[in-house]
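To keep things clear, I will list the structure first and then write my remarks on it.
The values are calculated or read from the model by the stated rules, or taken from the named source; none is laboratory data. Worth saying up front: this structure is predicted, and the values here are computed from it rather than measured. A quick note on method: Cβ atoms are made from the backbone with ideal geometry, for glycine too, and the neighbour counts reach across all protein chains shown. Protein only, heavy atoms only, side chains kept; ligands, DNA and RNA dropped before computing areas. Shrake-Rupley method; radii C 1.70, N 1.55, O 1.52, S 1.80 Å.
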Amino acid sequence: MSRTLQAPVTVAFDYTRSTGPVIGRFLTGLKQATIVGGRLSDGRVAVPPPEYDPVSHQAVTEFVELPDTGTVTSWTWVSEPVAGQPSESAFAYALITIDGADTPWLHAVDVASPDDISTGMRVRARWAAERTGAVTDLVFVPDDGTTSADRPTEPDAEEVSRIITPVSLDYRYAASPEESSFFRGLAEGRILGQRCPKCRKVYVPPRGACPTDGVPTSEEVELSDVGTVTTFCVVNVPFMGQKIKPPYVSAYVLLDGADIALQHLILEIPAEEVRMGMRVKAVWKPREEWGTSIENISHFAPTGEPDADFDTYKHHL
Amino acid sequence: MRDVAVVGFAQRQMKDFDGSPSMAELLVPILGECYEQTGWQKKDIGFWCSGSSDYLAGRSFSFVSAIDAIGVLPPVNESHVEMDAAWALYEAWLKIQTGEVDTALVFGFGKASAGVLRRTLALQLDPYTMTPLWPDTVCLAALQARLGLDAGLWDENALAEVVNRSLTDAEKNEYAVRAGGSSVEELLARPMFADPLRKHDCAPVTDGAAAIVLAAGDRAREANQRPAWISGIAHSSDGLHLGTRDLTTSGSAERAAAAVGGTDGVQIAELHAPFSHQELVLRSALGLGEDVRLNPSGGALAANPMFSAGAIRIGEAAKKIWDGTADKVLGHATSGPALQQNLVCVMEGR
Amino acid sequence: MSKTPAAVIGIGQTHHRAKREDVSMAGLCREAMDRALEDAGLTLDEVDAIVIGKAPDLFEGVMMPELYLAEALGAAGKPLMRVHTAGSVGGSTAIVASSLVQAGVHKRVLTVAFEKQSESNAMWALSVPVPFVMPVHAGAGGYFAPHVRSYIRRSEAPSHIGAIVAAKDRNNALKNPYAHLHSEGTTVESVLASQMLWDPIHYDETCPSSDGACAMVIAAEDVAKTYEAPAWIHGTVMRSEPTSAAERDQVNPQAGREAAAALWKATGITDPAREIDCAEIYVPFAWFEPMWIENLGFAPEGAGWKLTEAGETALDGSLPINMSGGVLSSNPIGASGMLRFAEAALQVRGRAGEHQVDGARRALGHAYGGGSQFFSMWVVGAEPPSN
């Protein structure tokens, strides 16, 4: 058994980006199969156009339509591409100075091997048939002399002011060793806290570092699955990813024997009847659904005992 | 300016940390070592500052539970930068300079192995015109390396010599995740990874954390018999866009070195060069002559824990003052693609 | 060692909106920066260093966006720092910028904080699923609503206090041309009639999600003295405590209490309610006004709501709070803390326009973040600091 519990997690969102006028002009150009540079205050032409002039710091407002050919000024061979790159098999990234521009542009060059690319090589754009107004609308290929013969045109393409950029990253998440013992306990239907060797408080879940003392919690304490609602809110609002139909209660439950409350759901009672101090008991999912997760506990439900006195839990608010 | 010194330093570096991305459990023994070195406790520290990244951890506010490692009740005077801990050290140095505090402990941490590091770092680029192509950091460095090769500023042998020296030195560093020198010929016989760079030209993906203790005047002398007095610390930034700067040199490193009054007399320098050719760029930009001993720790080519590797360079350099090996040393940190930001910290023994 | 006195000599902010689709991230920052520079009569080239702050990078999907923004923000060639201390970041960023001046390192520092929340969804970015752990099932306000309930129970405050705060702040926002929400006719009754989202929190008692930025120029004494109305920095403070700890007081957090106490001590203030002329504090949910009044020491524990109920925190009250309309009217998260700090500075400069408090000479700017565990604050004054 590994020291810690681990699981994959994907962090993914399709970001909506408003481009502003300069990047918008550049991306609109790409949609039209045209490379647009920006003229800087010192007379140079930069591709892509910077939003603000590096010298005068003013917004760049003068644009220059350039040919879709250029020269490789540096390159590298991507022997092991990662997800999202312009090619799934090995390819080249290059710094390409577009004809008429003074600064290089980072882009991909589609060649079969590193022997097919060199500094000083002439390249031209190979445009996608369907263009959205993004840097992925083209890749560069060696210029065979028939420049732009097959270059598409779409001069009246709609202006680009907004792009969607998907960002999806895969991570392997690990719990700390202390948390891992807690989650493994749950898989056996046990709630395992740990006591801090210094302040003697019982933490559930246990901690890699007691937040008061900065030392790991250590001494294992098996806790009851009965506790007291310290405070709560009634969720009436629907939101992204919600699993239960509102209204319902999200509460802090202080398990008997613990010194810190857990956040969990209170069900089997109308939301308006939930009270601070109410005594509740864990309702476990059927055993065959258990995993190494706090979600083995479906929710908490009232025990029917009298409410706890405010003084017994007020220091947990 | 107040006299401020590096008086404590502890680190952990490894290929694959199996614990949580907040790394609190890894920071606990590191802070413990700092207390042991200085004879201090938590209450002796006036200011805390850390460096880390949410994207490295894969979640927002990844730094908030890291401070549990301090034990933060009663509450502490604390800050955080989304940068290498070398810049956290800079913020702490400022705080001491304001006179508000006399001591500070800074730390950095990062679990790069949780994701695909070179892909994650594509998110550092221009989100409109670069990131959609997902250019990874290794490729950007490779483009930089070729510019220097083409211009005749360095050659393959020079890169291999940097690697060979680093990996040979790394044999004596218990925290190195890559070590073992061979020969220039043997290194050059290995396959390309991101032509013109081979794998050994690129820092290994490393998990790790580190902490440094700073103190002013008498507090420094109380904690360390031979404190590493900071005689100059400064940093500067270049633009990110590759077309707007000369990648074969480093303007920001030059400016940082100028801001600390130059590097004359530096005997040992720990440079944060995650790629072999970048050591050559930095050596020249920082004005470090051939007589300056570089990266006796093995440097970033031996271990490069994101968000603490820069601070580790400062800590490694300070150790050479503490043990009397040198009287004047330099620690350097970098951040961003292709050496975009650079920080220089010159320390002296007195 | 005495620090170099420092003052705010330029302030700028964007028009805050749910979606600023007319600008890029750089454009958003520059809108605030250019206003701050114009206010200070400086160009970007005259600035020595730039300190930038924002909340989690997942909001915009760019890792350390200050790197790609460096050229657009005029930071190429200069020292550039990036601060991130959760919701308090706007305040912390201003404090780091101040310390660059107070330490004697730089003369003129530009600081900017921003958030372009419309690029993603804040609730998504703040609750990326963590394996093995229970999703909170509560959404954004669900984290804070239980603590509001605890406050009400402890203080025995009447249930309409939050509505008084919300109505006041929304009406103050009508006087602030930069505010995101301009909700005419907000009353205690209309707030109480709005949907109960996270009982005990009503819809109108919650903050919006905004795109926006704020910037300030902070200068050393010799530079600031040449300006007509600098806002002198009298004291700054930051304190942190754990997100969750056994018996941690989440209603009246120790870090906030100790930060305030340290700030009053550093600025020689013995009776803050009397000596502070107005306060701009971080109130994303209306009930946090009375909670922070107590936490800051403006009123004894349990009595903060009485100031609110008596109208003392209104623009014409004895302790005006959130003159700008506050976080309840504009909330670009990363910039929200700096907007609080900037409003305090505007007030003591006498430049707050329609929401100016008459004769404001000393003001508090306050920010907090995370689950009420990170605090940053400053006191600014019309006179140079005496300490």
Scanning the stretch B:38-88 for residues that are part of a strand (DSSP E or B) and more than 7 Å from every other protein chain (Cβ to nearest Cβ) gives B:PHE47, B:TRP48, B:CYS49, B:SER50, B:GLY51
Selection from the stretch A:113-158 of residues open to solvent by 90 Å² or more (accessible area, probe 1.4 Å), without any contact (Cβ under 8 Å) to a residue 12 or more places away in the chain and within 14 Å of another protein chain (Cβ to nearest Cβ) yields A:ASP115
Tell me, yes or no, whether the stretch C:105-124 has at least one residue that is at pLDDT 95 or above, in a helix (DSSP H, G or I), surrounded by fewer than 20 Cβ atoms within 10 Å (Cβ to Cβ) and at the interface with chain A (Cβ under 7 Å from one of its Cβ atoms). no
>> For the structure I just gave you, tell me whether C:SER244 is within 14 Å of chain A (Cβ to nearest Cβ), open to solvent by 30 Å² or more (accessible area, probe 1.4 Å) and in contact (Cβ under 8 Å) with a residue 40 or more places away in the chain.
In response: yes
In the stretch A:31-40, is there at least one residue being modelled with pLDDT of 95 or more, open to solvent by less than 10 Å² (accessible area, probe 1.4 Å) and closer than 30 Å to A:ASP170 by Cβ? no
Item to complete: Might you check whether a residue that is touching a residue at least 24 places away in the same chain (Cβ under 8 Å) and more than 30 Å from B:VAL28 (Cα to Cα) occurs anywhere in the stretch A:176-188?
Response: no
When every residue in the stretch A:69-97 that is under 16 Å from A:VAL36 (Cβ atoms) and crowded, with 24+ Cβ neighbours inside 10 Å is compared, the one nearest to the other protein chains (Cβ to nearest Cβ) is A:ILE96
Of the residues in the stretch A:264-280, those that are within 24 Å of A:VAL202 (Cβ to Cβ) and buried (at least 20 other Cβ atoms within 10 Å of the Cβ) come to A:HIS264, A:LEU265, A:ILE266, A:MET276, A:MET278, A:VAL280
Worksheet entry | Condition check for C:SER92: buried (at least 24 other Cβ atoms within 10 Å of the Cβ), away from chain A (no Cβ under 11 Å), out of contact with any helix residue (DSSP H, G or I) (no Cβ under 8 Å at 6 or more places or on another chain) and assigned to a helix (DSSP H, G or I) | no
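Name every residue in the stretch B:217-245 that is within 14 Å of chain A (Cβ to nearest Cβ) and open to solvent by 10 Å² or more (accessible area, probe 1.4 Å), in order of residue number. Reasoning before the result, please.
The first filter runs over the stretch B:217-245 and keeps only residues within 14 Å of chain A (Cβ to nearest Cβ), leaving B:237-245.
Within the stretch B:217-245, B:ASP238, B:HIS241, B:LEU242, B:GLY243, B:THR244, B:ARG245 meet the criteria.
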Note: among A:PRO197, A:PRO216, just one is touching a Gly at 6+ places or on another chain (Cβ under 7 Å), farther than 30 Å from A:PHE13 by Cβ, within 14 Å of chain B (Cβ to nearest Cβ) and surrounded by fewer than 24 Cβ atoms within 10 Å (Cβ to Cβ), namely A:PRO216
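Yes/no matrix, rows are residues, columns are (1) more than 14 Å from chain B (Cβ to nearest Cβ); (2) hydroxyl-bearing (Ser, Thr, Tyr); (3) surrounded by 22 or more Cβ atoms within 10 Å (Cβ to Cβ); (4) part of a helix (DSSP H, G or I):
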{"position": "C:GLY334", "(1), (2), (3), (4)": "no, no, yes, yes"}
{"position": "C:LEU339", "(1), (2), (3), (4)": "yes, no, yes, yes"}
{"position": "C:ASP358", "(1), (2), (3), (4)": "yes, no, no, no"}
{"position": "C:ALA363", "(1), (2), (3), (4)": "yes, no, yes, no"}
{"position": "C:HIS366", "(1), (2), (3), (4)": "yes, no, yes, no"}
{"position": "C:GLY371", "(1), (2), (3), (4)": "no, no, no, no"}
{"position": "C:SER376", "(1), (2), (3), (4)": "no, yes, yes, no"}
{"position": "C:SER386", "(1), (2), (3), (4)": "yes, yes, no, no"}
Only one of B:GLU156, B:GLU100 is touching a Pro at 6+ places or on another chain (Cβ under 8 Å), away from chain A (no Cβ under 11 Å) and either in contact (Cβ under 8 Å) with a residue 40 or more places away in the chain or of a type in the set (Lys, Arg) (or both), namely B:GLU156
Taking first residues from the stretch C:228-241 that are more than 8 Å from every other protein chain (Cβ to nearest Cβ) and second residues anywhere that are open to solvent by 20 Å² or more (accessible area, probe 1.4 Å) and at pLDDT below 95, the pairs with Cβ under 8 Å that are 6 or more apart or on different chains are C:TRP232/C:PRO385; C:ILE233/C:PRO385; C:HIS234/C:PRO385; C:HIS234/C:ASN387; C:GLY235/C:PRO385; C:GLY235/C:ASN387
In the set B:ALA333, B:ALA269, the lone residue that is in a strand (DSSP E or B), open to solvent by less than 10 Å² (accessible area, probe 1.4 Å) and touching an Asp or Glu at 6+ places or on another chain (Cβ under 8 Å) is B:ALA333
Residue set C:GLY61, C:GLY74, C:GLY41; condition away from chain A (no Cβ under 14 Å) and either open to solvent by less than 20 Å² (accessible area, probe 1.4 Å) or closer than 30 Å to C:ALA279 by Cβ (or both); output residue C:GLY41
Filtering the stretch C:273-306 down to residues that are assigned to a helix (DSSP H, G or I) and over 21 Å from the mean Cα position of the chain (by Cα) yields C:ARG274, C:LYS306
If we keep only residues of the stretch C:302-320 that are in contact with an Asp or Glu (Cβ under 9 Å, 6 or more places away or on another chain) and touching a residue at least 60 places away in the same chain (Cβ under 8 Å), then the residue farthest from C:ASP249 (Cα to Cα) is C:THR313
Of the candidates C:VAL47, C:VAL23, the one satisfying the condition of being within 12 Å of chain A (Cβ to nearest Cβ), of a type in the set (A, V, I, L, M, F, W, C), closer than 23 Å to B:THR244 by Cβ and open to solvent by 10 Å² or more (accessible area, probe 1.4 Å) is C:VAL23
Residue pairs qualifying under the 8 Å Cβ cut-off, at least six apart or on distinct chains, with the first in the stretch A:68-95 being under 14 Å from B:THR137 (Cα atoms) and touching a residue at least 12 places away in the same chain (Cβ under 8 Å) and the second being of a type in the set (A, V, I, L, M, F, W, C) and surrounded by fewer than 17 Cβ atoms within 10 Å (Cβ to Cβ), are A:TRP77/A:ALA90; A:TRP77/B:MET192; A:VAL78/A:ALA90
Next on the checklist: Kindly evaluate C:ARG153 against the criterion of being within 14 Å of another protein chain (Cβ to nearest Cβ) and open to solvent by 40 Å² or more (accessible area, probe 1.4 Å).
Outcome noted: yes
Filtering the stretch C:264-302 down to residues that are open to solvent by 20 Å² or more (accessible area, probe 1.4 Å) and among the aliphatic types (A, V, I, L, M) yields C:ALA266, C:ALA273
Just one listed residue, out of A:SER176, A:SER161, A:SER168, is open to solvent by less than 20 Å² (accessible area, probe 1.4 Å), within 14 Å of another protein chain (Cβ to nearest Cβ) and farther than 30 Å from A:THR73 by Cβ, and it is A:SER176
**Request:** Might you let me know whether the stretch A:180-189 holds any residue that is on the phi > 0 side of the Ramachandran plot, away from chain B (no Cβ under 11 Å) and at pLDDT 95 or above?
**Result:** yes
